[in-house]
1. Determine the calculated [θ] at 222 nm for the chain from helices alone, applying -39500 (n - 2.57) to every DSSP H run no shorter than 4 residues and normalising by the residue count; nearest 500 deg cm²/dmol.
2. Would you list, by chain and number, the lysines whose Cα falls below 24 Å from the Cα of K107, excluding same-chain residues fewer than 8 positions away?
3. How high is the relative contact order of the chain, in percent, counting Cα pairs under 8 Å that sit 6 or more residues apart?
4. Of all DSSP beta bridges in the chain, what percent run antiparallel (nearest 5)?
5. Sequence neighbours fewer than 8 away in the same chain don't count; with that in mind, list the aspartates and glutamates whose C-alpha is under 17 Å from K91.
6. Over all alpha-carbon pairs in region 41-130, figure out the percentage whose distance exceeds 14 Å.
7. What are the residues whose amide H is under 5 Å from the amide H of G126, where those residues sit 5 or more places off or on another chain and H is modelled from the backbone?
8. Give the relative contact order (percent, whole number) for region 1-108; include only Cα pairs under 8 Å separated by 6+ residues.
Amino acid sequence: MSLIGQRAPDFTAQAVMEDGTITEMNLHDYLDGDYGLVYFYPLDFTFVCPSEIIAFSNRMDKFKELGCKVIGVSVDSQFSHYAWRNTPVEKGGIGSINYPLVADITKSIATDYGVLIEGAGVALRGSFLVDKAGNIRHYVINDLPLGRNVDESIRMVEALQFHEEHGEVCPAGWNKGDDGMTPNAEGVASYLEGHADDL
């Protein structure tokens, strides 16, 4: 069953917060009416994962500008998260990233979001965009070898906000500043007349 339009499955779990402290975190309390990007990765101290985690951290100013909080989740413990965060990047760590990493050692969160690989006991690379009402509006799930594009996650936040503000829909390849499309037959015809060759 698709999670689109459904309330993001809530969870309360131990997390290493952006200031480096370990505490219990509840998803919807933490989001507190803001947009959220909840993403899953397989394991700490692995290969593709640190590149993604650092890429999210490097773009946190943009996520904050959009009013979107980022939360990373894996099946590791909070202590593993803490150790990895306190390992320098040049030694295979992730350094002092500036958003929470949640410990899903029971694998219940990954199960609720439909990203757990049962036999392997780790999560696929799932990214879930949560709107201000707490509902999932977009998600994408990559297989383990395929690192995600964090700029695409930002684009989807911008697209959702554009739709919410203007009521228009975002056609293929839409980027912030581009024209939207009025969601009716006339709107489609008008948009394609001016943009079909650029699609």
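Just so you know, all these numbers are worked out from the coordinates, no wet-lab data involved. All figures in this text were calculated on a predicted structure; none of them were measured in a lab.
1. -9000 deg cm²/dmol
2. Cα-Cα hits under 24 Å: K69.
3. Once normalised by length, the contact order is 23 percent.
4. 70
5. Of all the aspartates and glutamates, those that pass the test against K91 - Cα under 17 Å, at least 8 places apart if same chain - are D44, E52.
6. The calculated P(r) of region 41-130 puts 64 percent of pairs beyond 14 Å.
7. Here F40, N142 satisfy the definition.
8. 32
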